[in-house]
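The values are calculated or read from the model by the stated rules, or taken from the named source; none is laboratory data. Every value quoted in this text rests on a predicted model; they were computed, and no experiment measured them. What goes into the accessible areas is simple: the full protein's heavy atoms, side chains included, and nothing from ligands, DNA or RNA. Shrake-Rupley method; radii C 1.70, N 1.55, O 1.52, S 1.80 Å.
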Amino acid sequence: MYLMNDIIMSLVIVFGISFVSNILPFAGAPYTVITSYFIIHYHTSLIIIIIYIIVSGLGAGLAKVLTYVLGIGIEKPLSKNKNLPLLKRFINSKYFILSLFILAILPGLPLDDYLYIGGGVVRTSLIRMLKVTIPAKILKSGVEIPLEILGIIQISVISGLSPLELTVISSITFIVLGVILAKIDWEKIYSTIKQKYPKFSL
């Protein structure tokens, strides 16, 4: 039986990992997978699982404050980025809030970092963004963590790998994916879509 102090310490670690992994733009670190590992390790109750979900979501959501600040700090270097004009138009469009919520939920795709960096550059309301992002991150954790717990257990049984080993492998995979996504020319993709669907414009 694990002591409550161990669980509290793991919650602090989960918050820290969720926070730090979401500071790094486009890193895509799977903090929910790491959270799932702790839940499996400690055989926690439903109430504790819910607390893990909330803590991981809060850490991930609050980290975007620093991503936003990063956008302010790199405004001049970013002024030549090919995707910046698209970001500015998008942030001022009617699609922004809904898209921020959706992108904040998407698993393994750190595309909301683009919006937070862009938000910092154009000085849009940080509070407005956080009101959308924090609930979205908690919801994301609430969906992903139970699925990952089941997946990790099943894959562990089939593959013979421990939950810790699977967590490390998943972390590396998502980080590589995040780097790949950061290199995509989203402006070019948007232009192609706009040519095919002229009504879709920002």
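At 1.4 Å probe radius, can you tell me the per residue accessible area of segment 54-133 in Å²? Mind showing how you got there, number by number?
On the way: 3690 Å² over 80 residues.
Each residue of segment 54-133 exposes 46 Å² on average to a 1.4 Å probe.
Under 25 Å between alpha carbons, and skipping anything fewer than 8 positions from Lys64 in its own chain: which lysines qualify?
In chain and number order, the partners are Lys76, Lys80, Lys82, Lys88, Lys94, Lys131, Lys137, Lys140, Lys183.
Excluding residues on the same chain fewer than 8 positions from Lys194, give the aspartates and glutamates whose Cα lies under 19 Å from its Cα.
Asp185
Can you tell me how much longer the chain between Ile158 and Ile97 gets when fully stretched, taken as 0.36 nm per residue apart minus their C-alpha distance, in nm with one decimal?
Numbers: separation 61, 0.36 × 61 = 21.96 nm, distance 4.13 nm.
Extra length available between Ile158 and Ile97 comes to 17.8 nm.
Give a residue-ordered list of calculated ³J(HN,Hα) values for segment 112-125 (Karplus: 6.51 cos²θ - 1.76 cosθ + 1.60, θ = phi - 60°; whole Hz; x for Gly, Pro).
For segment 112-125, the Karplus curve yields 5, 4, 4, 5, 6, 5, x, x, x, 5, 8, 6, 6, 5 Hz.
Could you check how much of the accessible area of segment 30-133 is carbon and sulfur, as a whole percent, using a 1.4 Å probe? Provide the component values of the computation, followed by the final result.
Values: 3350 of 4710 Å².
Reported share for carbon and sulfur atoms: 71 percent.
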